[in-house]
Amino acid sequence: MANTFKVKTNGAMPSSAGTPLTLYTVPSSTTTVVIGLMLCNIHTAAVTVDVQLVSDTSDTETNETVLLVKDVSIPANSTLELLTGGKIVIQTTDILKIDCSVSAKIDATLSILEIT
């Protein structure tokens, strides 16, 4: 098994407010541990964000799409650090998506450990 630390970034997301944009999809034959997520508001006013986990994996149970945070306000020119200390394990084909109340106003930085 290989363990690889990675960072995934996306600037000015999502392209359309109200339409969550994919930040990361777990590759095949991989389990990922989310170490942390930072969301930076690059707008001149406060925005609200949602972070969604889309999971269709099934082993002994079937997973569903859930919100990790909903309508969290981030002040103008500020960064919100999420999921620090509370690790999340995501499996092959699971997707992390970000939405914002204003299009193209969130920079996202995701720190992960991929186990293959």
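The values are calculated or read from the model by the stated rules, or taken from the named source; none is laboratory data. Nothing here was measured: the structure is a model prediction, and the numbers come from that model. All Cβ positions, glycine included, derive from the backbone under ideal geometry; neighbour counts span all protein chains shown. These accessible areas exclude ligands, DNA and RNA; they are computed on the full protein's heavy atoms, side chains included. Shrake-Rupley method; radii C 1.70, N 1.55, O 1.52, S 1.80 Å.
For the chain, what are the per-bin percents of Cα-Cα distances with bins 5 Å wide, up to the bin holding the maximum? Taking all Cα pairs of the chain, the binned fractions are 2, 12, 22, 24, 18, 12, 6, 2, 1, 0 percent.
Once backbone amide H atoms are built at 1.01 Å from N, I35 has S111, I112, L113 as its partners under 5 Å, excluding neighbours fewer than 5 places away on the same chain.
Annotation: amide H of H43 within the under-5 Å range of N77, sequence separation 5 or more or interchain, hydrogens built in the peptide plane. Between T31 and A46, full extension at 0.36 nm per residue minus the direct alpha carbon distance yields a gain of 2.0 nm.
Averaged over residues, the count of other Cβ atoms within 10 Å places the peptides 102-109, 44-51, 85-92 in the sequence 102-109, 44-51, 85-92, highest first.
Tell me whether segment 63-116 comes out rounded, prolate or oblate; compute the Cα gyration tensor, take square roots of the eigenvalues as a ≥ b ≥ c, and use a/c under 1.5 as the rounded threshold. Prolate, because a/c is 1.5 or more and a/b exceeds b/c. Taking the inverse of the mean reciprocal distance over all distinct Cα pairs, the Kirkwood hydrodynamic radius of segment 38-90 comes to 12.8 Å.
Of the residues T93, T31, T84, the one that moves most in a GNM of the chain with alpha-carbon contacts below 10 Å is T84. Computed in the context of the full set of protein chains, the accessible area of segment 31-116 at 1.4 Å probe radius has 54% of its extent on carbon or sulfur. Accessible area per residue for segment 1-87, computed on protein heavy atoms with a 1.4 Å probe, is 57 Å².
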